[in-house]
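One structure is given here, and the rest of the page talks about it.
Computed from the coordinates by the stated procedures, all read-outs in this text should not be read as laboratory data. Bear in mind the structure is a predicted one, so any value in this text is a computation, not a measurement. All Cβ positions, even for glycine, are placed from backbone atoms using ideal geometry, and neighbour counts span all protein chains on display.
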Amino acid sequence: MTDHRYLARPRDIEVHRNRLSGAVIIFDENGDEFEHTIPIVWEVCPTCEGRGTYVNPDIDSHGLSREDFDADPDFLDDYMEGRYDITCRECGGEKVVPEPAPHSEVGKLWLSQEGERARDRAEDAYTMRMENGGRD
Ligand SMILES: [Zn+2]
């Protein structure tokens with residue numbers, strides 16, 4: 001299982017200055033790209049759950065155990081203080097992310113196309129890790 005933090009990336013919505021709409025790329029049935037403007041809403045970032053930061057997944061994505069903390073007494077303090085925190089890669093520390101407004105038909109189409117692209121990226125990331133001798 002890939003840690004969701006490794007897959008976090010900014011949304012492909014180019015938010016307009018008014019923060020009420022944004023531009024997205026939609027592919028038509030011929031695979032041609034079209035830019036559309038869609039209404040957007042702001043949602044709490046699902047990756048950092050609205051904190052704007054999270055613990056670097058290199059530190060704890062495989063789970064930490066009692067031994068990890070016992071081995072280095074300072075580690076727990078550093079960990080709790082957020083010394084290993086990094087800025088959220090999805091929202092860039094903004095704590096909220098743009099989502100297509102629920103009533104937007106183009107927004108729904110874009111979301112489904114984004115879902116397919118996210119799956120492709122997750123598979124690519126998995127393949128790359130396995131090729132580099134990684135473990136599940
Ligand atoms: Zn975030």
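Note on the range 37-100: with charges restricted to the Cβ of Lys and Arg (+1) and Asp and Glu (-1), its dipole about the Cα centre is near 420 debye.
Converting phi to 3J(HN,Hα) with the Karplus coefficients 6.51, -1.76 and 1.60 and the offset θ = phi - 60°, the range 67-77 yields 4, 4, 7, 5, 5, 9, x, 6, 4, 4, 4 Hz in sequence order, with x at every glycine or proline.
Return the Rg/Rh ratio of the range 1-91 with Cα-based radii and a Kirkwood Rh. Present the calculation step by step, with values, prior to reporting the outcome.
Values: Rg = 18.8 Å, Rh = 16.1 Å.
When Rh is taken as the Kirkwood radius, the ratio is 1.17.
Think of the chain as having a plus end and a minus end, set by charges on the Cβ of Lys, Arg, Asp and Glu; of Tyr6, Cys91, Met80, Cys91 sits farthest toward the positive end of this dipole. Placing unit charges on the Cβ atoms of the charged side chains and taking the dipole of the chain about its Cα centre, the candidate lying farthest along the positive direction among Gly115, Trp42, Met130 is Trp42.
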